[in-house]
Amino acid sequence: MEATQEYLTKEKFAELEKELQNLKTVKRKEVAEALEYAKSLGDLSENHEYQEARDSQAVLEDRISRLEKILKTAAIVSVQNASLVGVGSVITLERESDKSKKTFTIVGSEEADASKGMISTRSPLGSAALGKSKGDTFSFETPSGTMSYKITDIK
């Protein structure tokens, strides 16, 4: 499976690096100590603490692996061209159906948080808006039907 390019701001890249460092040092040590304690309790086949520690170790190692992959393939982005929608753009959209306006920031999937208006480049709205200019109208499919928006501002 080919690694997918992740787009990150400098701040998010630094945050993920910090998380990775913490997981590799502090959390790995905590999980190792939990495993040692659980082993000291005896019979591993019926030892709930041991199974829980092993599960925690698997989750931790999976997150470490994921972060390493993201950081290795990440592209650091900053807004270069405010005339076209790209990663880092803050766009104001007007819904064609009811003329309501919403503002979104286009981000990589690691930073996406719809509740904060941070939309991934991989989301239907984000991918449809990429490369568009102020004044452009675009549509995309959602489970509830086709949505159409007009870009009223790009920052």
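Exactly one residue among 95, 66 is over 30 Å from residue 153 (Cβ atoms), surrounded by fewer than 16 Cβ atoms within 10 Å (Cβ to Cβ) and not polar (S, T, N, Q), and that residue is 66. Of the residues 26, 59, 31, the single one that is within 24 Å of residue 71 (Cα to Cα) and buried (at least 16 other Cβ atoms within 10 Å of the Cβ) is 31.
Within segment 127-145, is even one residue part of a helix (DSSP H, G or I) and either of a type outside the set (Ser, Thr, Tyr) or under 30 Å from residue 23 (Cβ atoms) (or both)?
To start, the set of residues in segment 127-145 that are part of a helix (DSSP H, G or I) comprises 127-129.
Now restrict to residues that are either of a type outside the set (Ser, Thr, Tyr) or under 30 Å from residue 23 (Cβ atoms) (or both): 128-129.
Yes: one or more hits.
Of everything in segment 14-42 that is among the hydrophobic types (A, V, I, L, M, F, W, C) and touching a helix residue (DSSP H, G or I) at 6+ places or on another chain (Cβ under 7 Å), the residue that is modelled with the lowest pLDDT is 41.
Please verify whether residue 74 is among the hydrophobic types (A, V, I, L, M, F, W, C) and in contact with a Leu (Cβ under 9 Å, 6 or more places away or on another chain), treating the condition exactly as stated.
Working: among the hydrophobic types (A, V, I, L, M, F, W, C): yes; in contact with a Leu (Cβ under 9 Å, 6 or more places away or on another chain): yes.
Yes; evaluated as a whole, the condition is true for this residue.
Give 92, 103, 152, 121 a once-over and let me know the one that is in contact with a Phe, Trp or Tyr (Cβ under 7 Å, 6 or more places away or on another chain) and under 26 Å from residue 9 (Cα atoms). Spell out how you get there, then give the answer.
Working: 92 fails: in contact with a Phe, Trp or Tyr (Cβ under 7 Å, 6 or more places away or on another chain); 103 fails: in contact with a Phe, Trp or Tyr (Cβ under 7 Å, 6 or more places away or on another chain); 152 fails: in contact with a Phe, Trp or Tyr (Cβ under 7 Å, 6 or more places away or on another chain).
121 is the lone residue from the list that is in contact with a Phe, Trp or Tyr (Cβ under 7 Å, 6 or more places away or on another chain) and under 26 Å from residue 9 (Cα atoms).
So that you can scan it fast, the table gives a plain yes or no per residue for (1) farther than 30 Å from residue 128 by Cα; (2) touching a helix residue (DSSP H, G or I) at 6+ places or on another chain (Cβ under 6 Å):
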| residue | (1), (2) |
| --- | --- |
| 6 | no, yes |
| 12 | no, no |
| 44 | yes, yes |
| 52 | yes, no |
| 59 | yes, no |
| 73 | no, no |
| 77 | no, no |
| 83 | no, no |
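Summed over segment 112-126, the residues that are assigned to a loop (DSSP other than H, G, I, E, B), closer than 17 Å to residue 151 by Cβ and in contact with a strand residue (DSSP E or B) (Cβ under 7 Å, 6 or more places away or on another chain) give a count of 2.
Selection of first residues in segment 130-151 that are touching a residue at least 60 places away in the same chain (Cβ under 8 Å) and within 14 Å of residue 89 (Cβ to Cβ) and of second residues that are among the charged types (D, E, K, R) and part of a loop (DSSP other than H, G, I, E, B), restricted to Cβ pairs under 8 Å at least 6 apart or on distinct chains, gives the following pairs, ordered by first then second residue: 151/132; 151/134; 151/136. When the criteria are applied in full, residue 45 fails the requirement of being more than 26 Å from residue 108 (Cβ to Cβ) and surrounded by 11 or more Cβ atoms within 10 Å (Cβ to Cβ). For segment 106-120, the set of residues classified as more than 10 Å from the chain's Cα centre (by Cα) and crowded, with 20+ Cβ neighbours inside 10 Å consists of 106 only.
The values are calculated or read from the model by the stated rules, or taken from the named source; none is laboratory data. Computed from a predicted structure; not experimentally measured. Virtual Cβ from ideal backbone geometry, glycine too; neighbours counted across all protein chains shown.
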